[in-house]
Amino acid sequence: MLNFTGRVLDCEIMVRESPRDYVTRVMKEAGLSSRMVAERAAKLGHTISHQHVAAIVNGNNPDANLTVDKIKALAAGLGRPEDEVFSVFRGRQ
């Protein structure tokens, strides 16, 4: 809460999550493993390996082979809107 000219205002600061933190949080909230994310993506016609998902979560150079198709696959596997996932990876979340 901030007191500004006699008024109390609610103020929320948005902290950007890194792609690693975002993917980790979404997977934890949904109870998903990296293998489950990859399998869910495959069922929806996308391709991403569980190793690639794990590399993102573990911070092991996830940007090296990160393509538009991989981000779409990740979104599908996480069950999140593509726009949301792209925003996170662009740093605009």
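Structure notes:
- Per residue value of the accessible surface for the range 20-93 (all protein chains in place, 1.4 Å probe), Å²: 58 Å²
- Met36 accessible area, assembled protein chains, probe 1.4 Å, Å²: 80 Å²
- Potential lengthening of the chain between Leu44 and Ser18 amounts to 6.8 nm, from the contour at 0.36 nm per residue minus the alpha-carbon distance.
- Heavy atoms of Asp21 accessible to a 1.4 Å probe, total area in Å² rounded to 10: 80 Å²
The values are calculated or read from the model by the stated rules, or taken from the named source; none is laboratory data. If you're wondering where the values come from, they're calculated on a predicted model, not measured in any experiment. What goes into the accessible areas is simple: the full protein's heavy atoms, side chains included, and nothing from ligands, DNA or RNA. Shrake-Rupley method; radii C 1.70, N 1.55, O 1.52, S 1.80 Å.
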